[in-house]
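Have a look at the structure below, then the notes.
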Amino acid sequence: MKRVTILGCTGSIGMQAMDVVRNHPDDFELVGLSCGHQIEKLRTLLDAFYCPYVCVMEEADAKRLAADYPNIQFGYGKEGLLTLCRQEEADIVLNGIVGFAGLEPSLAAIEAGKDLALANKETMVVGGSLVTRLAKEKGVRILPVDSEHSAIFQCLQGEDHRQIKRLIITASGGAFRNLDREELKGVTKEQALKHPNWSMGNSITIDSATMFNKGLEVIEAKWLFDLPLGKISVIMHPESIVHSMVEFVDGAVMAQMGTPDMRLPIQYALTYPDREPIANSHALNLEEVGQLTFRKMDFERFPALGMAYDAGRLGGTRPAVLNAAKEVATQAFLSDEISFLEIEECVADCLKHHRAIEEPTLDDLVMCDLWARRYVRKRIGESASADNH
Ligand code: MG
């Protein structure tokens, strides 16, 4: 029986993780949950599952919930969240928080000696050097939940890390994979939110269309698998059947395949090293799929990927700035303040003006994250007021 805490339980990853827990009552015991503002969704979960500790964002929500669920202990805010990550009862913490906000909870869980099932890629993108050092020191495992990294992790079972030639991360290409840059000028958020293969949260679906998601995944892979970026490549694979591959020194290429269903990587991280059936999953039917196609990644069409490689290669606070700028610009696109192509422009401009710190502490990362957010907000505000004159 593994005792599990799920962070971000009302999000896309969190809800699917709850599904995994629901279907394996003998394997998992839920000991902690956190969510932000989706309180109605949380109430539905609390009516269906018993969980002793729950953390929300706002104090007012925690008080109202405590009155309605007297058997549950409620915390709130950042301190409540970090306390939840450290609670003694948990064996493993699944981090399904979106964005930079997931970094400190990851560090708190590792610090407390918990294994970490990691869906929050920003933990590695922004804090990779701190996080991997601490995990080593505390002897905890970081189990990837991102489908590509789970695929690589599965391909590496029983293999000697030194015999890896390179990792090959697959990219579906997102909603606009068949449009050229000229055609991208007028695209809307409604179009961007239609991912061809995966059903995910809004911000990551936009990140798929811009290719920033793949860029973050490349940096995440560097830290998770302790490899230089020169050994990590990306290939376009529109069907999303091969979830990623590992090429070994003898030329053998291992691939992990499956239908696009996030419950598999979520469950594998929780049951590792065991495998368990998944309720109502569609078996991969290759006869139906017919053919799998691959094409070379076009760095001119998707400049976000090159920006991420550069930030990841140069390191320091650059990936943190890339991520923060991307988060703000993506939100601005979702609220119709900027166009799709301006997302990239905002990030490139912000990176250009950043004065990087090479061996950042957590405080440095927090400071640079904040700087980048303000920088991009200001840039968007200025161009909006210029338009109005
Ligand atoms: Mg992914």
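The values are calculated or read from the model by the stated rules, or taken from the named source; none is laboratory data. Keep in mind it's a predicted model, so treat the numbers as computed, not measured. Every residue, glycine as well, gets a Cβ built from its backbone with ideal geometry; the counts of neighbours run over all protein chains shown. Calculation scope for accessible area: heavy atoms of the full protein, side chains included, ligands and nucleic acids excluded. Shrake-Rupley method; radii C 1.70, N 1.55, O 1.52, S 1.80 Å.
Here are the numbers for the structure shown:
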{"read-out": "Residue within the stretch 235-242 that is β-branched (Val, Ile, Thr), surrounded by 24 or more Cβ atoms within 10 Å (Cβ to Cβ), touching a residue at least 12 places away in the same chain (Cβ under 8 Å) and within 14 Å of the ligand (Cβ to nearest atom) present", "value": "no"}
{"read-out": "Residue under evaluation residue 113, criteria (1) over 22 Å from residue 254 (Cα atoms); (2) in contact with a strand residue (DSSP E or B) (Cβ under 9 Å, 6 or more places away or on another chain), criterion not met", "value": "(2)"}
{"read-out": "Top-ranked residue of the stretch 159-178 - restricted to ones that are surrounded by 15 or more Cβ atoms within 10 Å (Cβ to Cβ) and assigned to a loop (DSSP other than H, G, I, E, B), ranked as farthest from the ligand (Cβ to nearest atom)", "value": "176"}
{"read-out": "Matching residues, the stretch 119-144, being assigned to a helix (DSSP H, G or I) and within 16 Å of the ligand (Cβ to nearest atom)", "value": "122, 123, 124, 125"}
{"read-out": "Condition met for residue 218 (within 16 Å of the ligand (Cβ to nearest atom), within 18 Å of the chain's Cα centre (by Cα) and part of a helix (DSSP H, G or I))", "value": "yes"}
{"read-out": "Of residues in the stretch 22-37 being in contact (Cβ under 8 Å) with a residue 12 or more places away in the chain and surrounded by fewer than 21 Cβ atoms within 10 Å (Cβ to Cβ), the one farthest from residue 91 (Cα to Cα)", "value": "37"}
{"read-out": "Test for residue 155: is it more than 16 Å from the ligand (Cβ to nearest atom) and crowded, with 20+ Cβ neighbours inside 10 Å", "value": "no"}
{"read-out": "Residue within the stretch 151-158 that is in a loop (DSSP other than H, G, I, E, B) and over 21 Å from the mean Cα position of the chain (by Cα) present", "value": "yes"}
{"read-out": "Test: residue 259 is more than 12 Å from the ligand (Cβ to nearest atom), surrounded by 24 or more Cβ atoms within 10 Å (Cβ to Cβ) and either of a type in the set (Val, Ile, Thr) or modelled with pLDDT of 95 or more (or both)", "value": "no"}
{"read-out": "First in the stretch 197-212 and not assigned by TED's automatic domain parsing to the domain that holds residue 98, second anywhere and near the ligand (Cβ under 9 Å from one of its atoms) and in a helix (DSSP H, G or I), Cβ under 7 Å, 6 or more apart", "value": "204/213; 207/213"}
{"read-out": "Set 91, 19, 61: member being more than 25 Å from residue 112 (Cα to Cα), touching a residue at least 12 places away in the same chain (Cβ under 8 Å) and within 23 Å of the chain's Cα centre (by Cα)", "value": "19"}
{"read-out": "The listed residue being in a loop (DSSP other than H, G, I, E, B) and surrounded by fewer than 20 Cβ atoms within 10 Å (Cβ to Cβ), out of 40, 89", "value": "89"}
{"read-out": "Failed criterion for residue 230 (all others in (1) part of a helix (DSSP H, G or I); (2) within 13 Å of the ligand (Cβ to nearest atom); (3) among the small types (Gly, Ala, Ser) hold)", "value": "(2)"}
{"read-out": "Yes/no for residue 184 being closer than 18 Å to residue 298 by Cα, open to solvent by less than 20 Å² (accessible area, probe 1.4 Å) and more than 15 Å from the ligand (Cβ to nearest atom)", "value": "yes"}
